[in-house]
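Chemist: Below are the structure tokens for one structure; questions will follow.
Coordinate-derived values only; no laboratory data. Just so you know, these numbers come straight off a predicted model, no measurement behind them. Using ideal geometry, Cβ is built from the backbone for each residue, glycine included, and neighbour counts are taken over all protein chains shown.
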Amino acid sequence: MRHPKDWWRQCGERLSKAGIPSRLGVSLAPYTSFHLGGPARVFVKPTGMRDLLLVLHLAAEHEWPLLLLGGGSKLLIADSGLDAMVVHVTAALDFMTRAEDAIEVGAGASIRTIARWTSMHGLSGLEFFSGVPGSVGGAVYMNAGGREYEMAKVVRTVTIYDLATSRIETLARSEMDFGYRDSALRHAPLIALKTRLVLRPDDPEKTRAVMTELLERRRRAQPVQWPSAGSVFQNPPGFRASALLDQAGARRWSVGGAEVPSFHANFIVNRGKACADDVFQLMRRMHTVVRDRFAIRLRPEIIGLGFGSLWAETFELPFPGRLGTLVRDRD
Ligand SMILES: Cc1cc2nc3c(=O)[nH]c(=O)nc-3n(C[C@H](O)[C@H](O)[C@H](O)COP(=O)(O)OP(=O)(O)OC[C@H]3O[C@@H](n4cnc5c(N)ncnc54)[C@H](O)[C@@H]3O)c2cc1C
């Protein structure tokens, strides 16, 4: 059930009383790499840690549905928007400090900027992320990575805010339950504030060469010139989603302005005039063809928000509902 406009206006007024500026009905399209999505009921962009914690505290206290937005590079937000307060964290948590063999990075920092900086300063470990858009927090949440690499390899600790208890805690890597595109943040109302990453000293020339090579490989293999959200589906155990979709003939399929590019069957690009529903319908078609042809159920890697139970029903996912007040991919 959507909350009435007045309910959200009062939420904005409470924020304003606490000294936090917010806006009502802000389109989320400019905040996602797909350039798609309807409005957020309330949009907040705290400028520092103190303000962010105040917003999270108020959200927990008043049970405001809340989405934490990083770089928006893994999200498909419904055209009807989100019945939630969207908290854009990139500005509030954009910091980095160096400490001997580790760096401490705010969850709002850009992962590819950090990758470039550490490489330039003779630290190896983040080269893979030179071409990955989004924030450090999003990369931890998703355990972002590729065939031979993932975020979990460099994380030592993650400092989180727990919406259920309103407490800040530092979790060790072993408590983060990292898995394939998975972490503890996906299963509990936890918000990453910062993380400590362990890197190895190395020759900056060498790390730069590795990054250039990886970037070129990515440019050749992925349609980086069009808005997208990276891989559409996860690889099922023992298979590659792109190979299954390729064999099923999905390349060049399109719905409205959304298209599977000719050289990567597990991507969807926005050719300029797509709406979120075009992407959703195309994903549905891709999911169905692989299920019917190979009896394999592809699981979306893209996080669909604002589709209600339709998302879970279409992709045959469990639908346990929200994690407390937090709007997550179960929404
Ligand atoms: C061209 C392209 C290439 C890509 N290549 C790759 C790749 O090689 N490997 C890969 O894994 N991914 C890839 N991606 C996907 C994406 O870049 C990563 O998943 C990225 O880590 C997501 O971070 P984000 O900040 O954009 O997250 P968002 O899209 O903003 O959010 C994703 C989820 O994380 C949650 N979240 C964000 N920040 C926090 C936080 N601080 N605390 C708790 N939850 C949080 C959000 O609520 C949301 O549920 C690619 C995307 C594009 C567009």
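Chemist: Just need a number here: residues in segment 50-64 that are buried (at least 19 other Cβ atoms within 10 Å of the Cβ) and out of contact with any Leu (no Cβ under 8 Å at 6 or more places or on another chain).
Modeler: Result for segment 50-64: 1.
Chemist: Working only within segment 197-256, note down all residues that are among the aliphatic types (A, V, I, L, M) and exposed (fewer than 13 other Cβ atoms within 10 Å of the Cβ).
Modeler: 221, 243
Chemist: Applying the selection to segment 32-77, what residues are on the phi > 0 side of the Ramachandran plot and either basic (Lys, Arg) or within 12 Å of the ligand (Cβ to nearest atom) (or both)?
Modeler: Residues of segment 32-77 that are on the phi > 0 side of the Ramachandran plot, as a first pass: 35, 37, 63, 72.
Of everything in segment 32-77, those that are on the phi > 0 side of the Ramachandran plot and either basic (Lys, Arg) or within 12 Å of the ligand (Cβ to nearest atom) (or both) turn out to be 35, 37, 72.
Chemist: Quick one: which strands (runs of 3 or more DSSP E) sit completely within segment 149-259 and have at least 2 residues that are touching a residue at least 60 places away in the same chain (Cβ under 8 Å)?
Modeler: Values: elements: 155-162, 167-172, 190-198.
Qualifying strands (runs of 3 or more DSSP E): 190-198.
Chemist: Let me ask something additional. Residues to consider are 114, 103; find the one that is assigned to a helix (DSSP H, G or I) and touching a helix residue (DSSP H, G or I) at 6+ places or on another chain (Cβ under 7 Å).
Modeler: 114
Chemist: Working carefully through the options 293, 297, 285, find the one that is among the basic types (Lys, Arg), part of a loop (DSSP other than H, G, I, E, B) and surrounded by fewer than 19 Cβ atoms within 10 Å (Cβ to Cβ).
Modeler: Working: 293 fails: part of a loop (DSSP other than H, G, I, E, B); 285 fails: part of a loop (DSSP other than H, G, I, E, B).
Selected residue: 297, the only one of 293, 297, 285 that is among the basic types (Lys, Arg), part of a loop (DSSP other than H, G, I, E, B) and surrounded by fewer than 19 Cβ atoms within 10 Å (Cβ to Cβ).
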